[in-house]
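Read the structure below first, then the notes.
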Amino acid sequence: MAKDYYRILGVDRDADAAEIKRAFRRLARETHPDANPGDAAAEARFREVAEAYEVLSDPDRRRSYDRGEQIDVSGLFSDFDDLLRSVFGGSGMFGGAGVPGSSRGQDVLVRIGLSLEEAAFGAETQVEFEAEGVCSTCGGNGAAAGAEVLSCRGCGGAGMVRATRQSFFGSMMTTTTCPRCRGRGQEVTKACRRCNGSGAYSQIHSLRVEIPSGVSDGNRLRLRGRGAVGPLGGMAGDLYVEVEVRPDSRFERQGDHLIHRVAIGFTEAALGAEIKIPLLEGGFQTLRIPPGIQPGWVKRLPGHGTPQMGRRRRGDLLVEVDVEVPKALTPDEEDLLRKLAELRGEAPLPQGAGTKRRRGSRKNRPDRARGW
């Protein structure tokens, strides 16, 4: 039988996002393991509350749950720290560090430029960035050569210190990083000169990054643990790679669809024509223009757009055709057009009344650009 997440959080089925968040904040404080040391039942209850919040706080998951669909919760608990920070803020639930260990390294953001083809079909690229890295002299332990590494006298090597304090919510057990060893659990008798005992220093990093197919301008890829390292062996931050897709002269991108604009002559529009359309994957496709099309005529080529991110399906290529009207005519062209106007019963301006002439004939002019 499926769990009743609304009952677990103690909210009605029509509760809004703010009510769901308030309920989770209250229950998380009551059931968090730090507030109930050694209580396995409280820990299980905390995970149940977190699971209910993860499902109901996400609009897509909530809609699926309300429809009675099976929700895969196997991957919901890889970011407990991120979840608690998003709800309680950066200081954590109880104003402490939240987990044993040294300070976490900083996140790093780099931006890369991609062509439309690389964004559509994926690519591998090398990125370089400056960030804190493990000290090569001391190996990250902060100790000078020959120095002793001892258990911290402030926390007994645990890296964390616990204290009971009274708060608005009653008696709370708080866990904070040991101020003496900064969460490492160890002390050194002499600090490394290169990193001044921090175990890290700023350096240039080079990393090969695989860009998935279907990314768009502004998308950010998250590489966990590839950012700056934390001091004294602390957990590394994350590397964010932001994508900037360069403009393409052939196509305009709208979501997963591409638009290609091309101009044809007015006789081709009237009589029909065949033109070649460039494809994103390379090569061309012949497109038959039926007689009598009007400016703005659009032909959809299914499956020739960009791939959808994380899926095999591709968008469409939309070919938008404009009709090019000549701004100047040769004498022969003007004579032919006046005969055509007479046959059609049309009344253009008389000859010489604003009509520009040009030398040469169509045969001697280079082919017009087709928009690629």
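The values are calculated or read from the model by the stated rules, or taken from the named source; none is laboratory data. This structure is a prediction, so every number in the text was calculated from the model and none was measured. With ideal geometry, Cβ positions are generated from the backbone for all residues, glycine too; neighbour counts draw on all protein chains shown. Heads up: the accessible areas ignore ligands, DNA and RNA and are worked out on the full protein's heavy atoms, side chains in. Shrake-Rupley method; radii C 1.70, N 1.55, O 1.52, S 1.80 Å.
Observations on the model:
- For the stretch 243-322, the set of GluC sites (Glu not before Pro) satisfying both a DSSP loop assignment and a count of at most 16 other C-beta atoms within 10 Å is given as Glu281.
- The length gained on full extension between Glu252 and Lys299, counted as 0.36 nm times the residue separation minus their Cα-Cα distance, comes to 15.4 nm.
- For the set Lys299, Lys339, the ranking by accessible area, highest first and with no ligand, DNA or RNA atoms included, is Lys339, Lys299 under a 1.4 Å probe.
- With a simple spin-label model that places each label point 7 Å from the Cα along the Cα-to-Cβ direction, the separation between Glu130 and Glu244 comes to 1.8 nm.
- Three principal axis lengths of the stretch 254-344 [C-alpha, angstrom, descending]: 59, 21, 20
- Taking 0.36 nm per residue of separation and subtracting the Cα-Cα distance, full extension of the segment from Glu346 to Ala158 would add 58.2 nm.
- As a ratio to 2.2 N^0.38 Å, the alpha-carbon radius of gyration computed for the stretch 180-316 takes the value 1.88.
- P(r), alpha carbons of the stretch 236-284 - 5 Å bins starting at zero, rounded %: 5, 13, 18, 16, 13, 12, 7, 5, 3, 3, 2, 1, 1, 0
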